[in-house]
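Below: the structure, in C-alpha cells.
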Amino acid sequence: MGLLTNDQSRNQLVKVLLAHGNKLCFVSYLAGVIWFLALAYQPLNAGTYFSENALLPGLVESELPPVFSSALQFNDEIKAEVEKDKKVTPHAWIFKKFREIGLETYLQNFSVIYPFRTVAKQVATGENVYSILRGRRAASTEALVLSIPLRPLVNVIKERPATHGGIALALALAQEFKRKPYWSKDIIFLFSDYDEIGTLAWLDAYHQTESQYIVGSDLQARSGSIQAAINLELPAENVQYYNLLLEGLNGQLPNLDLVNLVVRLCRRERSQVAIHHSLEKRRHQFSDSHGESLEDFKLSLSTMLRMMWYQASGAPSGNHGMFHKFHIEALTIQGVAKKKGSHNDIGVSARIVEGIFRSLNNLLERFHQSFFFYLLPATNRYEAKAMEEKKLNEEKEKSEDDKKDDEKKEADDSEEGDKGF
Amino acid sequence: MGNTGQNHNIGIALIHMITCFVILYLSFNPAGCMSHEEQVNEFFQTGHTNNWAVLVDASRFWFNYRHHANVLSLYRSVKRLGIPDSQIILMVADDMACNPRNPRPATVFNNQNQHINVYGDDVEVDYRGYEVTVENFIRVLTGRLPESTPRSKRLLSDERSNVLVYMTGHGGDGFLKFQDAEEVSNVELADAFEQMWQKQRYHELFFMIDTCQAESMFQKFYSPNILAVASSRVGEDSLSHHVDPALGVYVIDRYTYYALEFLESVKLGSKKTMAQFFKVCPKHLCISTVSTRTDLFRRDVSQTLLTDFFGSVRNVELLTETSSLAKVNTSSRSGSDTCSKDSCKGTDRKPGRFSYPEQVPSILI
C-alpha cells in the first residue's frame with residue numbers, strides 16, 4: 001500500500017516529522033538561503049534579451065558629427081560658469097541657453113515644508129528649469145524626459161557626483177534633435193534642483209497630483225504622457241565607465257527592456273557599463289570560462305547582494321526613483337570619471353543618449369513586455385522573481401536550455417544581420 | 001525606234017520576273033514557314049485573357065517596415081510588367097511613408113542604398129490603414145461586397161483571369177496575423193479560393209506568401225488550378241535580409257529580395273518559366289526552405305510562363321493570311337458548374353463562350 005494512503009505508515013511519517021521538526025526547518029532554511037545565493041552563479045541564471053519588438057535597439061546609426069564640437073564647447077562654457085560661484089546652480093545660464101536654441105523653456109518654483117518640527121516651520125525653496133522640444137510631425141501625445149539633477153559644486157560627494165557634463169550634453173543634443181524630423185514624441189529636458197525633491201515637485205505639477213511636504217507652482221506648459229525617462233549624471237571630465245542606478249522608491253525597478261537597451265547602446269559605443277560599480281573585467285569577455293570561475297561568481301554575488309540591499313532600503317538611488325511613482329520607466333546613467341585612462345568623452349556619451357532616444361522613439365506602447373522585478377548579477381544576466389520557483393524544480397534542464405537558447409539567439413541575431421557584440 | 005521599244009519591254013518584263021521571284025521567295029521563307037494552324041493555336045495556348053493581382057500586407061507599425069517594402073516592391077514589379085492599377089488590389093496599412101519616425105518622409109525604400117523609392121508619386125492603395133481586415137480580404141476575393149463599394153476596391157475577375165495573390169506579414173502554423181488584432185486561418189483561405197472557383201472568378205491562381213511558417217497557409221487548398229509558393233516550411237522562420245542603418249529598420253525580407261532580383265530580369269516578352277521562379281531562393285541564401293504546391297495545377301510548371309501571372313501580356317501576332325477560328329465549347333470544367341433553374345438536369349448550358357455566372361445559385365432562392 002502507498003506511504004500516504006496507509007494509516008499506519010502515515011502515522012509513522014508524521015511521527016518522524018514531528019520528532020525532527022526543528023532540525024528539518026533549520027536545514028530547509030539554510031538550503032533556501034544557499035540556493036538563493038547560488039543564483040548568482042552564471043549557469044543558473046539567464047541571459048538578458050529584448051522582449052519589446054518595437055524597440056529595434058541600436059539599429060540606427062548615429063547622426064551626430066564624429067567630433068561633437070558643440071558639446072565640447074558647451075562643456076567648456078559650463079565649466080567656466082560653475083566656477084564663478086560654487087554655491088549656486090547655473091539656472092539662469094541654462095534658461096538663457098535653451099531660449100537661445102529656440103525651445104520652449106520655463107521655470108518652476110517649489111518649496112519644501114520641513115516635516116520635522118524641530119525648527120519652527122522651515123521652508124526651503126528651489127527652482128526647476130525645463131524645456132520642451134516638440135516633435136514636428138507628431139501630436140504631442142507622448143513624451144520622453146532627459147533629466148539632469150543640478151548640484152552646486154560645494155555639495156558634490158562621491159555618491160552624488162557632479163553633473164555639469166550632463167548639462168552641456170543636454171544643450172548640444174537639444175540643438176541637434178531640434179533639426180531632425182523623425183521625433184514621434186516630445187522630448188522634455190528637465191533640470192531639477194535638490195535632486196529627488198525637485199523632480200517630485202515637477203512630476204506632481206505635471207500630473208496634477210499633490211505631495212504632503214512639497215508645494216510646487218503650476219507648470220506653464222506640458223506635453224503628453226511620459227513614456228520613459230533617463231536621468232543623467234555626467235561629470236565634465238572624460239568618463240571611464242557608466243554606472244547604472246536602477247532602484248526606485250520602495251524597491252521598484254524600471255522595466256528590464258529599458259535596462260537592456262541602455263546596456264546595448266553602451267556596448268555599441270564600446271564603453272564599459274556596470275551595475276553597482278561592478279566592472280566586468282575586459283579579459284573575462286574573451287576567456288573560456290564564460291563566467292563560471294570563482295572570481296566571476298564572487299563578483300556576480302556581490303552585485304546581486306548590493307542590488308538587494310539598495311532595494312531593501314526603500315530609498316531611491318537616484319532621481320529616477322520619483323518617476324517610478326507615476327509608472328514611468330526610468331533609470332540613472334552615472335558617468336564615473338577616474339584620474340587616468342578615460343577615453344569616453346562627451347561625444348561618446350552623446351551618441352549613447354542619442355541612440356537610447358532614437359530607440360525609445362520607436363515605441364508604440366508603454367514598456368510592458370519584459371520583467372518589472374528582477375535581480376541583476378551582471379549587466380547581461382538577470383534573475384526574474386517569477387522564474388525562481390521553476391528553477392527550484394528544473395535546475396539542470398533549465399541551465400542547459402538557457403545555454404542552448406543563448407546560442408540559438410546568437411545564431412539568429414547573426415543571421416538576421418544584427419551586429420552581435 | 002523599235003529596238004528601244006523592245007528593250008524597254010524586255011526591261012519591264014525582267015523587273016516583273018524579279019519581283020515575282022522575290023515575292024515567291026519571301027512567301028516560302030523558312031522563317032515564316034510555320035503552318036498557319038500552329039500560329040493560331042500558339043496564340044490561344046495560355047487560356048487566360050486578363051490578369052489581376054491582389055497584394056496584401058497584413059501588418060502595421062514602424063518595426064514592420066520590411067513587410068511594407070515587400071509588398072510595394074512587388075506592386076512596382078507587377079505594374080512594370082503590364083498589370084494596370086485598375087486590375088491591382090493593394091491592401092496595405094500605409095503607415096510607413098508618413099510615419100513620424102520616418103527619417104525620410106514620404107518615401108519607402110526596399111534597399112539599403114535607397115535608390116528606388118517604392119512608394120513614389122503614383123502608388124494607388126485600395127485598402128489602407130484599418131481597412132486591411134480579414135473580412136475585407138475575404139470579401140474582395142469572393143466578391144461579396146456591399147453595393148456601395150467603388151470599382152477600384154473590387155476584384156472583377158472572370159473565368160479567364162489569372163490572379164496573383166501575394167501575402168506578407170507575421171504568420172504562424174496555420175494562420176496569418178492581420179494588423180495585430182485578428183487572424184486568417186488556412187482553412188478560411190482555402191474555402192475562399194474554393195468560392196472563387198465555384199463562382200468562376202479565376203482561370204489560374206498563383207499564391208505567393210512570405211511569412212514565418214508560410215507553408216501552412218497553402219496546405220489546405222483543394223480547388224483546381226492553384227499554384228503556390230511559400231518562403232518557409234512549418235516550424236521555420238522567414239528571415240529579414242538586411243538593415244538600413246540610416247533608417248534603423250530591416251528593409252526587406254530574404255525571399256522577397258531574391259524574388260525581386262529575379263523579377264527585375266524579366267521583361268514583357270520574357271520566356272522565363274515558373275519552374276525557374278521556384279528555384280529562386282536556395283537554402284543557403286534564404287536560410288528557410290522555400291516550398292511549393294503544384295499538385296492542383298493542371299499545366300506543367302516548366303512550360304508556364306512567369307508573365308502568365310506577374311504581367312499582363314497583350315499578344316499581337318501579324319498573319320499574312322486570313323483564318324477562321326472555330327467556336328470553342330466552354331464546358332470543359334468537370335463537376336463544378338453552377339446549376340441554374342433552366343439547366344439543372346445536366347443539359348448543355350447556354351451556347352456561347354462567355355456567360356455571366358450567377359452570383360447566388362438559384363437553388364437557394
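The values are calculated or read from the model by the stated rules, or taken from the named source; none is laboratory data. Everything numeric in this text was worked out from a predicted model, so none of it was measured. As a convention, Cβ positions derive from the backbone with ideal geometry for all residues, glycine included, and neighbour counts pool all protein chains shown. Ligands, DNA and RNA are stripped out before the accessible areas are found, and what is left, the full protein with its side chains, is counted by its heavy atoms. Shrake-Rupley method; radii C 1.70, N 1.55, O 1.52, S 1.80 Å.
Observations, loosely collected:
- Top-ranked residue of the stretch A:255-297 - restricted to ones that are modelled with pLDDT under 85 and on the phi > 0 side of the Ramachandran plot, ranked as surrounded by the fewest Cβ atoms within 10 Å (Cβ to Cβ): A:290
- Here residue B:160 fulfils each of the conditions (1) surrounded by fewer than 18 Cβ atoms within 10 Å (Cβ to Cβ); (2) at pLDDT 95 or above; (3) within 28 Å of residue B:84 (Cα to Cα) apart from (2).
- No other residue among A:146, A:107 is open to solvent by 10 Å² or more (accessible area, probe 1.4 Å) and assigned to a strand (DSSP E or B) apart from A:107.
- Residue that is nearest to the chain's Cα centre (by Cα) [pool: residues in the stretch A:332-375 that are aliphatic (A, V, I, L, M), within 14 Å of chain B (Cβ to nearest Cβ) and part of a helix (DSSP H, G or I)]: A:356
- Residue that is of a type in the set (Gly, Ala, Ser) and open to solvent by 10 Å² or more (accessible area, probe 1.4 Å), where the choices are A:359, A:317, A:349: A:317
Rundown of residues vs (1) in contact (Cβ under 8 Å) with a residue 60 or more places away in the chain; (2) β-branched (Val, Ile, Thr), yes/no style:
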{"residue": "B:74", "(1), (2)": "yes, no"}
{"residue": "B:87", "(1), (2)": "yes, no"}
{"residue": "B:103", "(1), (2)": "yes, no"}
{"residue": "B:107", "(1), (2)": "no, yes"}
{"residue": "B:116", "(1), (2)": "no, yes"}
{"residue": "B:122", "(1), (2)": "no, no"}
{"residue": "B:125", "(1), (2)": "no, yes"}
{"residue": "B:130", "(1), (2)": "no, no"}
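- Filter pass, residue B:134 being more than 14 Å from every other protein chain (Cβ to nearest Cβ), closer than 27 Å to residue B:262 by Cβ and either of a type in the set (A, V, I, L, M) or in contact with a strand residue (DSSP E or B) (Cβ under 8 Å, 6 or more places away or on another chain) (or both): no
- Any hit, the stretch B:174-188, residues being within 19 Å of the chain's Cα centre (by Cα) and β-branched (Val, Ile, Thr): no
- All told, residue A:12 falls short of being modelled with pLDDT of 90 or more and away from chain B (no Cβ under 14 Å).
- In the stretch A:213-254, the residues that are under 21 Å from the mean Cα position of the chain (by Cα), surrounded by fewer than 24 Cβ atoms within 10 Å (Cβ to Cβ) and part of a loop (DSSP other than H, G, I, E, B): A:235, A:236, A:238, A:240, A:252, A:253
- For residue A:75, the conditions (1) assigned to a helix (DSSP H, G or I); (2) open to solvent by 20 Å² or more (accessible area, probe 1.4 Å); (3) not aliphatic (A, V, I, L, M) all hold with the exception of (2).
- Which listed residue, of A:186, A:204, is surrounded by fewer than 22 Cβ atoms within 10 Å (Cβ to Cβ) and farther than 19 Å from residue A:233 by Cβ: A:204
Residues checked against (1) on the phi < 0 side of the Ramachandran plot; (2) modelled with pLDDT of 95 or more; (3) open to solvent by 20 Å² or more (accessible area, probe 1.4 Å); (4) in contact with a Cys (Cβ under 7 Å, 6 or more places away or on another chain):
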{"position": "B:141", "(1), (2), (3), (4)": "yes, yes, no, no"}
{"position": "B:147", "(1), (2), (3), (4)": "yes, no, yes, no"}
{"position": "B:188", "(1), (2), (3), (4)": "yes, yes, yes, no"}
{"position": "B:192", "(1), (2), (3), (4)": "yes, yes, no, no"}
{"position": "B:240", "(1), (2), (3), (4)": "yes, no, no, no"}
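- Residue in the stretch B:225-233 that is within 12 Å of chain A (Cβ to nearest Cβ), over 18 Å from the mean Cα position of the chain (by Cα), surrounded by fewer than 21 Cβ atoms within 10 Å (Cβ to Cβ) and at pLDDT below 95 present: no
- Among the residues making up the stretch B:242-258, those that are surrounded by 23 or more Cβ atoms within 10 Å (Cβ to Cβ) and more than 12 Å from chain A (Cβ to nearest Cβ) are B:255, B:256.
- The single condition among (1) buried (at least 22 other Cβ atoms within 10 Å of the Cβ); (2) in a loop (DSSP other than H, G, I, E, B) that residue A:210 does not meet is (1).
- None of B:62, B:52 is open to solvent by less than 40 Å² (accessible area, probe 1.4 Å), of a type in the set (Phe, Trp, Tyr) and away from chain A (no Cβ under 14 Å) except B:52.
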